[in-house]
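Student: My questions will all concern the structure given below.
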Amino acid sequence: MSPLTSSAGPVKVLVVDDSILMQKLMTQIINSTPGFQVIGVAGSAEEGWDAIQELRPDILTLDLELPGRHGLKLLARVLKQDPLPVLIVSAFGGPGADNTIQALELGAIDFIEKPDGATHTLEGFMKHVAAALQRASASRRMLAAAKELAGQQRPAVAAPVRLAAAPAPVAHGKVSLIAIGASTGGVPAVQTVMRDAAHLRLPIAVVQHMPAGYTAKFAARLSAATGLDVREAADGDRLRPGMAVVAPGGTKHLEIEERRGELVCLVKEGPLVSGHCPSVDVMFHSVARSLGSHAIGVLLTGMGRDGADGLLAMRKAGAATLIQSGETCVVNGMPKAAFELGAADRVVPLDQIGGAIAGLLGERPQQRTA
């Protein structure tokens, strides 16, 4: 995938990090990635803000641990005034994981763990930076397309295509599970859907592409935001109403199996599937096998095509299947792939997915509070 370029040249990147070593390393990596160029570096949040105003970068890489005002405050300021793709470059461990999850909730596109010489190697870091730049570039294309549509006075939140009429509501007691998959941009998207569907009290299973060490923090923040009992899935966990599980990041896949009327989590080691572990496809396929029509599948924002094949299997098994509309995605990769396969019953804007799920169950949508 080639990055978004223009007659002015490559995609312009601003690096904000208080470490001179990291500034140099990031500059070297970014400048060696075809189609991208560092146009400036800053060592504090204040310097970063001034550089953004002066240089007008296309993409920002941001260390959260900055002197003076914290990087989270700079992130919030940037996204509020003139949103642009922000990549968090973070040291793992301690408050770093909490801050990274919070940054993703605020609207950062993605995050990259700094090399530590052990688990996170320099070689791996270089690959992750290059891949994250491509994801951010894809996000830029979506932002540019949305601005263009707005300029043409087209509906800002319309579905990109017209699908067949919405599936008829199903009996609430016949749906046993909501299965959700997401990747880039998925942290706030998953939270939105779960918050809006929390009142339905159905068990929820989530696969969000995320490394080990972050998914437990993600689950805890989802629990606080939704009022549901959300936890990182463990092998043998039994799902019940009002409970949700998040697939653990790392080297294990999450599957859902029905045993004697109970939904049981299977968490086991496995190879990459659709380029990921945990994989949305693995979870969706297991739900299709175990629950058939007694489930609802939701595929949200993300790069690539993980989840598309699994969502198609769910639809063929009789489940209701929803995908997030492209113009509300950070990156419209996974939902688009699912649509092209014919895996989606409906294309729905993010802020209406919870209501669409409620409608399938014959329930009223949750009323939002300020």
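The values are calculated or read from the model by the stated rules, or taken from the named source; none is laboratory data. Owing to the predicted nature of the structure, the values given are computational and were not obtained by experimental measurement. Backbone-built Cβ (ideal geometry, glycine too); neighbour counts: all protein chains shown. Remember, those area values only see protein heavy atoms, side chains included, never the ligands or the DNA or RNA. Shrake-Rupley method; radii C 1.70, N 1.55, O 1.52, S 1.80 Å.
Student: Stretch Ala130-Gln81 to full length: gain in nm at 0.36 nm per residue minus the Cα-Cα span?
Tutor: Full-extension gain reported as 15.0 nm.
Student: So, by mean Cβ neighbours within 10 angstrom, what's the order for 256-264, 210-218 with the highest one leading?
Tutor: Per-residue mean Cβ counts within 10 Å order the peptides as 210-218, 256-264.
Student: With θ set to phi - 60° and the Karplus curve 6.51 cos²θ - 1.76 cosθ + 1.60, what are the ³J(HN,Hα) couplings of segment 9-23 in order, to the nearest whole Hz, using x for Gly and Pro?
Tutor: Couplings: x, x, 5, 8, 10, 9, 9, 10, 7, 7, 8, 4, 4, 5, 4 Hz.
Student: Can you give me the long-range amide H partners of Ala42? Hydrogens built in the peptide plane at 1.01 Å from N, cutoff under 5 Å, separation of 5 or more residues or another chain.
Tutor: Amide H neighbours of Ala42, under 5 Å, 5+ apart: Val15, Val16, Asp17.
Student: For the chain, give the percent of accessible area contributed by carbon and sulfur heavy atoms, probe 1.4 Å, rounded to a whole number.
Tutor: The value for the chain is 52 percent carbon and sulfur by accessible area.
Student: So what J values fall out for segment 350-366 if you push phi through Karplus, 6.51 cos²θ - 1.76 cosθ + 1.60 with θ = phi - 60°, rounded to Hz, Gly and Pro as x?
Tutor: Ordered by residue, 3J(HN,Hα) equals 3, 6, 10, 5, x, x, 5, 5, 4, x, 4, 9, x, 10, 7, x, 5 Hz.
Student: If you roll a 1.4 Å probe over the heavy atoms of the protein chains, what accessible area per residue do you get for the chain, in Å²?
Tutor: 43 Å²
Student: Just one of (1) 31, 27, 17; (2) 35, 23, 18; (3) 63, 22, 13 is semi-axes √(5λ) of the Cα gyration tensor in Å as worked out from the coordinates here. Which one is it?
Tutor: Looking at semi-axes √(5λ) of the Cα gyration tensor in Å for this model, the match is (2).
Student: Now a separate question. Taking the alpha-carbon centroid of each part, what is the distance from segment 41-89 to segment 246-276 in angstrom?
Tutor: Centre-to-centre distance over Cα atoms comes out at 37 Å.
Student: Evaluate the distance, in nm, between pseudo-label points positioned 7 Å from the Cα of Arg240 and of Thr121 along their respective Cα→Cβ axes.
Tutor: If labels sit at Arg240 and Thr121, their model points lie 4.5 nm apart.
Student: Work out the FRET efficiency for Lys174 and Arg201 from their Cβ-Cβ distance, taking R0 = 22 Å, and round it to the nearest 0.05.
Tutor: 0.90
Student: Given a cut-off of under 8 Å on Cα pairs at least six residues apart, what relative contact order in percent is computed for the chain?
Tutor: This gives 13 percent for the chain.
Student: Residue-wise, which Karplus ³J(HN,Hα) couplings in Hz belong to segment 188-194, taking 6.51 cos²θ - 1.76 cosθ + 1.60, θ = phi - 60°, and x for glycine or proline?
Tutor: x, 5, 4, 4, 4, 5, 5
Student: Hey, can you grab everything whose amide H is under 5 Å from the amide H of Ala233? Only 5+ residues off in sequence or another chain; H modelled, so Pro and N-termini drop out.
Tutor: Val246, Ala247
Student: Next question, about the same structure. Can you give the calculated 222 nm mean residue ellipticity of the chain, where each DSSP H run of n ≥ 4 adds -39,500 (n - 2.57) and the sum is split over every residue, rounded to the nearest 500 deg cm²/dmol?
Tutor: Value at 222 nm, helices only: -12000 deg cm²/dmol.
Student: Leu361's amide H: which non-local residues (gap 5+, or another chain) put their own amide H closer than 5 Å, with H modeled 1.01 Å from N in plane and none for Pro or chain starts?
Tutor: Residues meeting the amide H criterion: Val170.
Student: Please sort 220-230, 295-305 by packing, taking for each peptide the average over its residues of neighbouring beta carbons within 10 angstrom, highest first.
Tutor: 295-305, 220-230
Student: If we sort 26-35, 12-21, 107-116 on the protection proxy, mean other Cβ atoms within 10 Å, highest first, what's the order?
Tutor: 107-116, 12-21, 26-35
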